[in-house]
Amino acid sequence: MAQKGVQVITVEPGSLAEEAGIRPGDTLLEIHGEAVLDQLNYQFLITREDQALLRVRRPDGSTFEADLENGGEGIGVDLAQDEVKVCKQNCVFCFVHQMPKGFRKSLYLKDEDVRLSFLYGHFTTLSSSDDAELDRIVRERLSPIHVSVHATDPVARIRVVGNPREGDILRKLDRLLAGGIDVHTQAVVAPGLNDGAIWQRTLDDLWARRREGRGSVLSLSCVPVGLTAHREGLPDVQDVDPAFARDWVSRWTPEVRKYTKDNGGEPWLLLADEWFTRAGLEVPGRGFYSGSWAQLENGVGLVRRFLEHSRRFIKSPKAKGFAGRRVLLLTGASFAPALSRVAAELNRTVGSHLRVVPAKNFSFGETVTVAGLLCGEDLKYAAHADREAKGGRADWVDAVVVPSSSLRTHTGPTDQYTLRGFVVREEGTFLDDLTLPQLAADLGVPAVPSGANLSHLLDHLQAADRGAFRGGALRSAFHTAGLNLPQGAYNP
């Protein structure tokens, strides 16, 4: 992560930085004699003491020092975006390797950045983290972080990640745990690769590292492998079919409850929703999931949380705002059954006319059934097909709803950390660069994001009634909750 300082983008008027003569375009080189590596490191260094000694470089190469009485607070600068650190692994089921050709370049980035793991819950394999970086995590208290373990057996892990130097993940985990860093872990499970005895060893090794206080494995989630139709030249990996998913649910659901009891009532072993949706089974009740919805963005409990909120919302006075509305709800095939039941209940209760249509994923292949990987063209095709089936009327519905998880708000993986040289795109962009306003223009009716729940959806429909979002920033009209997040590949 070593960089030659971090550039100052803006300086707040009247701030300590302005008083010290720091200007946009300057580079912050050192604080207390230590090199400033990035934004997180700046925050750590600037808040360590009440007084900060800075070394700054001008664009012409000259340097100066500033001694500021900042009281352990920021000094009023915005710093340049950090460049993402990329993954050195070659996982046999890496989703980036299964991407279709022709998408924007940033979507082929394999991020492997502990800063993103700490800030946004991205999972890192720690493959790019040497001992110095592990020590930095401990020193700067970047806790908790999220680690893709996949397998603790060294031979099996090397087979999974494709890097012969990265088999001993427990050595790195133990170094972090000993330093007081908490860790959420996951294993993407592929039949015949890291299930069976290998999965049992992974489970046992990580459970043994669950401790009271700091330095604990806080949770372990298992997620079924996701394969697209674009695996030419890649290793053979067996997909999780409905029969395998049913067997997994039958075997491990009782174990989830056992570990929950042994963990003081807080779920520790977590099953992603996709096990249940692939098996064609109802997701478990609220008690099956963490009180804090741990690993929610990894697809653990998303369906249950939606169902719980929907049950309460339908009984509320606000639900009457759906009365009489004719709305087409597009989603992925895995979430369609649960959403259909909710829509039917809402229709019976308030007299609305919501219809759910699962959109086929032609972009990644029809085996990909999660909503977060639907492209704009997939959704457009589904909407046109539905209109033709209803007689081809231009006003066949009042509005079309698309999954928020299918929309990106930027080209990079986050709004703080991005690829150098890439331009942030208009908010409300699908994976294939079709935008939400373009979709609405093509369909001739408002197109709105679903939001995270029915309350959000109603707000969006009412905003569309007012003519909101005819282009520009999505956040100006709609809730941003539910928009694509790091683990969007597993969003239902």
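The values are calculated or read from the model by the stated rules, or taken from the named source; none is laboratory data. Everything numeric in this text was worked out from a predicted model, so none of it was measured. Every residue, glycine among them, receives a Cβ derived from its backbone with ideal geometry; neighbour counts consider all protein chains shown.
Structure notes:
Listed here are the residues, each with its yes/no results for (1) surrounded by 15 or more Cβ atoms within 10 Å (Cβ to Cβ); (2) in contact with a strand residue (DSSP E or B) (Cβ under 8 Å, 6 or more places away or on another chain).
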| residue | (1), (2) |
| --- | --- |
| Arg157 | yes, no |
| Gly180 | no, no |
| Asn194 | yes, yes |
| Ala197 | no, no |
| Ala208 | no, no |
| Leu227 | yes, no |
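- Every residue from the range 262-283 that is within 21 Å of the chain's Cα centre (by Cα) and acidic (Asp, Glu): Asp273, Glu274
Residue by residue, here is whether (1) at pLDDT 95 or above; (2) surrounded by fewer than 20 Cβ atoms within 10 Å (Cβ to Cβ); (3) acidic (Asp, Glu) holds:
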position	(1), (2), (3)
Arg348	yes, yes, no
Ala371	no, no, no
Ala394	no, yes, no
Asp398	yes, yes, yes
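- Filter pass, Ser128 being outside any helix (DSSP H, G or I), at pLDDT below 90 and over 27 Å from Ala229 (Cα atoms): yes
- Listed conditions (1) surrounded by 18 or more Cβ atoms within 10 Å (Cβ to Cβ); (2) touching a residue at least 24 places away in the same chain (Cβ under 8 Å) are all met by Leu45, apart from (2).
- Reported count of residues in the range 373-395, each being within 22 Å of Leu227 (Cα to Cα) and not aliphatic (A, V, I, L, M), is 4.
- Residue within the range 352-373 that is more than 17 Å from Asp442 (Cα to Cα) and among the aromatic types (Phe, Trp, Tyr) present: yes
- The single condition from (1) under 27 Å from Phe276 (Cβ atoms); (2) modelled with pLDDT under 95 that Gly213 fails is (1).
- Qualifying residue in the range 24-33 (condition: under 30 Å from Asp130 (Cβ atoms) and loosely packed, with under 13 Cβ neighbours inside 10 Å): yes
- Residue within the range 72-83 that is β-branched (Val, Ile, Thr), touching a residue at least 60 places away in the same chain (Cβ under 8 Å), crowded, with 16+ Cβ neighbours inside 10 Å and over 27 Å from Val138 (Cα atoms) present: no
- Complete set of residues in the range 281-304 that are among the basic types (Lys, Arg) and either assigned to a strand (DSSP E or B) or in contact (Cβ under 8 Å) with a residue 24 or more places away in the chain (or both): Arg304
- Selected residue (criterion: nearest to Lys380 (Cα to Cα)) from residues of the range 314-332 that are buried (at least 19 other Cβ atoms within 10 Å of the Cβ) and touching a strand residue (DSSP E or B) at 6+ places or on another chain (Cβ under 9 Å): Leu330
- Matching strands (runs of 3 or more DSSP E) fully within the range 1-103 where at least 1 residues are in contact with an Asp or Glu (Cβ under 8 Å, 6 or more places away or on another chain) and more than 30 Å from Phe364 (Cβ to Cβ): 6-11, 51-57, 63-69, 77-79
- Test: Trp293 is under 29 Å from Gln462 (Cβ atoms) and outside the structural domain of Lys390 (by TED's automatic domain parsing): yes
- Residue, surrounded by the most Cβ atoms within 10 Å (Cβ to Cβ), within the range 261-278, restricted to residues that are over 15 Å from Cys222 (Cα atoms) and of a type outside the set (Asp, Glu): Asn263
- Taken over the range 229-239, the residue count meeting the criterion of being within 27 Å of Thr253 (Cα to Cα) and out of contact with any Lys or Arg (no Cβ under 9 Å at 6 or more places or on another chain) is 2.
- Members of the range 229-280 that are touching a strand residue (DSSP E or B) at 6+ places or on another chain (Cβ under 7 Å) and not in a helix (DSSP H, G or I): Val240, Trp268, Leu269, Leu270, Leu271, Ala272
Conditions tested, residue by residue: (1) hydrophobic (A, V, I, L, M, F, W, C); (2) crowded, with 23+ Cβ neighbours inside 10 Å; (3) within 13 Å of Asn194 (Cβ to Cβ).
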position: Arg139; (1), (2), (3): no, no, no
position: Ile145; (1), (2), (3): yes, yes, no
position: Val149; (1), (2), (3): yes, yes, yes
position: Thr152; (1), (2), (3): no, yes, yes
position: Arg165; (1), (2), (3): no, no, no
position: Asp168; (1), (2), (3): no, no, no
position: Leu173; (1), (2), (3): yes, no, no
position: Leu177; (1), (2), (3): yes, no, no
